[in-house]
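**Student:** Here it is: the structure, laid out below.
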Amino acid sequence: MTGTTQRQDRKNQQSRKSDSPDVLSHVAFPLRAIRILIADSYEVVRAGMQALLEEAQDIEVVAQAGNADDLFAESRRTKPDIVLLTYGLSGSSEGATCKKLFHLLPAIRIIVMVRDNNVAVFRNAVEAGAQGILRGNTGREDLIKSIRIVGKGDTYRDPEVVEKMLRFLRQQQEGANFPSGLHLLSPQERRIIPLIAEGYTNKEIAEKLALSNRTVKNYIANMYDKLDIDRRTQAAALYLTLTHNRNI
């Protein structure tokens with residue numbers, strides 16, 4: 001066998017080896033990108049958001065919508081993972097929009113951007129089941145962070161918006177008792193539900209209350225049974241609604 005033939009054989013062997021499943025199994029392929037639909041009344045805002053988001057390799061903007069009808073149609077067509085919804089989208093209120101989206105696509109996740117940091121808008125978005133709440137002037141890093149958090153199944157509440165909401169509630173609640181609609185909850189559960197409303201994860205609640213993750217999960221499961229709910233957003237909405245209505 002000539003030297004040229006031997007070199008070619010070795011090359012062919014290496015080529016076959018590089019194509020083998022064992023070798024490919026060790027390659028770190030990226031996970032599927034988080035698919036986003038941007039809904040805003042203004043084209044220039046949508047274009048700017050898309051340009052910002054597509055700088056991230058794990059985010060893909062699959063559609064845009066300028067009004068509620070387009071949003072519902074594009075959501076059905078593209079089935080995004082997350083709808084990024086700005087407050088004031090023409091054609092529907094944010095609460096009604098969220099509810100219809102959940103009806104059309106139960107697995108969809110929604111991030112609402114509250115442009116004027118309005119407390120009522122924040123409460124309405126939470127009550128409607130939105131998994132993410134952001135300020136309208138949120139920076140690129142926080143926007144991408146919130147998408148990644150919501151994309152993996154957690155909730156995200158902008159700390160500044162949450163603080164404004166809680167400050168508003170504290171001002172109304174001075175000297176008041178715990179909401180009567182939550183009287184079935186144990187003392188520990190009553191400590192946990194406001195933290196859920198603030199957007200804390202189970203791990204963060206466990207650290208804050210010096211409990212184990214398993215214990216927190218058990219408390220939350222018991223809370224869901226008592227309140228006849230099955231989602232964190234429902235717990236947050238119930239707490240905020242009862243707390244607010246008690247002071248109207």
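Each value in this text was obtained by applying a stated rule to the coordinates, not by laboratory testing. Please read all numbers here as calculations on a predicted model, not as lab measurements. Here the Cβ is made from the backbone with ideal geometry for all residues, glycine too, and neighbour counts use every protein chain on show.
**Student:** Taking one equal scatterer on every alpha-carbon of region 34-158, how large is log10 of I(q)/I(0) by Debye at q = 0.09, 0.10, 0.11 1/Å?
**Tutor:** Each listed q maps to, in turn, -0.19, -0.24, -0.29.
**Student:** In Å, what Kirkwood hydrodynamic radius results for region 81-149 from the alpha-carbon pair distances? Before the final figure, lay out each step's value.
**Tutor:** On the way: mean 1/r = 0.0833 Å⁻¹.
Taking the inverse mean of 1/r over all distinct Cα pairs, region 81-149 comes out at 12.0 Å.
**Student:** Quick one: which of 60-71, 80-91 comes out on top by average Cβ neighbours within 10 Å, and what's the full order, highest first? Please report the intermediate quantities before stating the final value.
**Tutor:** Working: 60-71: 18.8, 80-91: 20.6.
Ranked from most to least packed, the peptides come out as 80-91, 60-71.
**Student:** Only counting other Cβ atoms within 10 Å, I'd like 44, 121, 112 sorted with the fewest neighbours first.
**Tutor:** Lowest count first: 44, 121, 112.
**Student:** List the pairs from 152/226; 100/145; 100/203; 203/226; 79/99; 145/226 whose alpha-carbon separation is above 24 Å, in the order I gave them.
**Tutor:** 152/226; 100/145; 100/203; 145/226
**Student:** Something else now. Could I have the simple spin-label model distance between residue 92 and residue 188, label points 7 Å from Cα toward Cβ, reported in nm to one decimal?
**Tutor:** Calculated label separation equals 4.1 nm.
**Student:** Treating each Cα of region 178-232 as an identical point scatterer and ignoring solvent, apply the Debye formula and state log10 I(q)/I(0) at q = 0.13, 0.18, 0.23, 0.26 Å⁻¹.
**Tutor:** Results for region 178-232 at q = 0.13, 0.18, 0.23, 0.26 Å⁻¹ read -0.27, -0.53, -0.88, -1.11.
**Student:** Could you go through region 196-212 in sequence order and give the Karplus-derived ³J(HN,Hα) for each residue, using 6.51 cos²θ - 1.76 cosθ + 1.60 with θ = phi - 60°, rounded to whole Hz, and x for Gly and Pro?
**Tutor:** In residue order, the calculated couplings are 4, 4, 7, x, 5, 7, 4, 4, 5, 5, 4, 5, 5, 9, 6, 10, 7 Hz.
**Student:** Moving to a separate point now. Out of residues 5 or more away from residue 185 or on other chains, whose amide H comes under 5 Å of its own, with H placed 1.01 Å from N in the peptide plane?
**Tutor:** Hits under the 5 Å cutoff: none.
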